[in-house]
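Here the structure is laid out as structure tokens; the discussion comes afterwards.
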Amino acid sequence: MMDKLFLLPLIGLLLVTAYGAATKMVYTDLDILEKLENFDIPEDDVADDYDPKVFDLPSFSSSKNMVNVDTFGAAGDGVSDDTQAFVSAWNKACGTPKSVLLVPQGKSYLVNATKFNGPCEQKLVIQIDGTIVAPDEPSNWDPKLQRTWLEFSKLEGVVFQGNGVIDGSGSKWWAASCKKNKSNPCKSAPTALTIESSSGVKVSGLTIQNSQQMNFIIARSNSVRVSKVMVSSPGDSPNTDGIHITGSTNVVLQDCKIGTGDDCVSIVNASSNIKMKRIYCGPGHGISIGSLGNNNSTGIVTKVVLDTAFLKETTNGLRIKTYQGGSGYVQDVRFTNVEMQDVSNPILIDQFYCDNPTSCQNQTSAVKISQIMYRNITGTTKSEKAIKFACSDTVPCSHIVLNNVNLEGKDGQVEAYCNSAEGFGYGVIHPSADCLYSHDDKGFDQSHTSGPVLVTQEAEIGHDEL
């Protein structure tokens, strides 16, 4: 099939390069394309003893140990401090096999910053049907937990589910941010919900809203599945990333609706095998890999797939952002089946990203970005540059693939911009990205470049299903 779609220069199929005494085959466009089209990220069946839908409470009675926070003295009036009741209920549920920690519906529970630590006995379910609300006054926050509100760590096979709400009461935190007022000091603020150092975790059905800073962090964890979760913070709330993934592997996000004042999804260092499917994003800053490389750090993100998303009026679309001076790499990423409505910067690689209080210095080292595919990306944009690859002169972007990209300008014509970026396109590409495969080779490692790919009229419009 592939040989019918592409005419590659013969030399592109035969490139071989030597490194010292060893000889290695260099990827050609065809190799890269086949790899990007076909690699998959398994959806692990974590915690598969549980029904993915919210449990009906009567079904608990015979097989589960019900641990109701009300039983431990929680008032649920939104005013009384219910922290100790939650801690006591957690200790009971965590230490008892097949327990259900229940936060009942119809009540609002005020809980201060708390770390709920495992490991726990097997088959723990955390059923949140009511509302958990944070104190709204930053000055009263525990200084030892400045970045934490509700943190769950060292868990295995735990299910978080329900129709309840986790509300960070973040308005005063936002007003105190240096992003809101430059005279304010820049300092950290709590994350509403954190899953830390855990495995085999499911999170389903919950609403996380108005976080003080980031809404939901998955950190240093493996095999986490998040489904039917809604994240909601105002579009002008600073640093309120929707779902932030760091140091984690085998994470699946699906059927989530996210609206925030920052990235809907952000994926940062030491993360791999991340799959996002059926994601709604807006308002927000789009779906981002990064930022990476700040303060000359190493950033590595690999094997990321976004399949089916709708982005509405976001300030960025599909973004990879790195600081100058970093090291590491972003590799094997596929964005596919994405519709955009009035999105700024729909397709963006920015290796000159800077979000520091002071300006960032020019540096030659950079995080290497390669093997990135954009397939079936359509919609409208507010930006003149609908496609922008602003890559490092010394560490260029390579093997960028565009397939069936059609972005129309809301207020006029659109164009593509490339700096030190190399790749190819096939199918319909609008705006035309000739700059991607007509570079002057300055700054490129010639052993990793290849000739342009020509596409026959018989080329099919791809629609992949992972």
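The values are calculated or read from the model by the stated rules, or taken from the named source; none is laboratory data. What you are looking at is a predicted structure, and each value in this text was computed from that prediction instead of being measured. Every residue, glycine among them, receives a Cβ derived from its backbone with ideal geometry; neighbour counts consider all protein chains shown.
Count, please, the residues in region 130-160 that happen to be in a helix (DSSP H, G or I) and within 20 Å of residue 195 (Cα to Cα).
2
Take the residues of region 300-342 that are in contact with a helix residue (DSSP H, G or I) (Cβ under 9 Å, 6 or more places away or on another chain) and in a strand (DSSP E or B): which is surrounded by the fewest Cβ atoms within 10 Å (Cβ to Cβ)?
Per the stated criteria, the residue is 327.
Out of 351, 371, 363, which single residue is touching a residue at least 60 places away in the same chain (Cβ under 8 Å), over 24 Å from residue 312 (Cα atoms), polar (S, T, N, Q) and crowded, with 22+ Cβ neighbours inside 10 Å?
Answer to the check: 371.
Residues that are under 30 Å from residue 297 (Cα atoms) and among the aromatic types (Phe, Trp, Tyr), at least 1 per element: which strands (runs of 3 or more DSSP E) completely within region 161-271 meet that?
Filter on region 161-271 gives 216-219.
Do you know which of the residues in region 374-423 that are among the hydroxyl-bearing types (Ser, Thr, Tyr) and within 28 Å of residue 31 (Cα to Cα) is surrounded by the most Cβ atoms within 10 Å (Cβ to Cβ)?
374
Do the conditions hold for residue 278, that is, is it in a strand (DSSP E or B) and crowded, with 23+ Cβ neighbours inside 10 Å?
Here the answer is no, as residue 278 does not meet what is asked.
For region 172-186, name all the residues that are at pLDDT 90 or above, closer than 21 Å to residue 355 by Cβ and of a type in the set (Lys, Arg).
Those that are at pLDDT 90 or above, closer than 21 Å to residue 355 by Cβ and of a type in the set (Lys, Arg): 179, 180.
Given (1) in contact with a Ser or Thr (Cβ under 9 Å, 6 or more places away or on another chain); (2) under 27 Å from residue 293 (Cβ atoms), identify the lone condition not met by residue 356.
(1)
Residue under question is residue 363, and the condition is that it be in contact with a helix residue (DSSP H, G or I) (Cβ under 8 Å, 6 or more places away or on another chain) and assigned to a strand (DSSP E or B); does it hold?
For residue 363, the condition - in contact with a helix residue (DSSP H, G or I) (Cβ under 8 Å, 6 or more places away or on another chain) and assigned to a strand (DSSP E or B) - is not met.
The conditions are (1) in contact with a helix residue (DSSP H, G or I) (Cβ under 9 Å, 6 or more places away or on another chain); (2) in a strand (DSSP E or B); (3) within 16 Å of residue 82 (Cβ to Cβ); (4) of a type outside the set (Ser, Thr, Tyr), and residue 112 fails exactly one of them. Which is it?
Unmet condition: (2).
Every residue in region 387-416 that is part of a strand (DSSP E or B), farther than 10 Å from residue 436 by Cβ and free of Cβ contacts under 8 Å to residues at least 60 places away in the same chain, please.
Within region 387-416, 388, 390, 398, 403, 404, 405, 406, 408, 409, 415 meet the criteria.
Can you name the number of the only condition in (1) at pLDDT below 95; (2) within 22 Å of residue 328 (Cβ to Cβ) that residue 410 fails?
(2)
Got at least one residue in region 148-161 being assigned by TED's automatic domain parsing to the domain that holds residue 238 and either free of Cβ contacts under 8 Å to residues at least 40 places away in the same chain or within 24 Å of residue 282 (Cα to Cα) (or both)?
yes
Can you tell me which of 67, 46, 100 is part of a loop (DSSP other than H, G, I, E, B), buried (at least 16 other Cβ atoms within 10 Å of the Cβ) and either touching a strand residue (DSSP E or B) at 6+ places or on another chain (Cβ under 8 Å) or modelled with pLDDT of 65 or more (or both)?
Only one candidate qualifies: 46.
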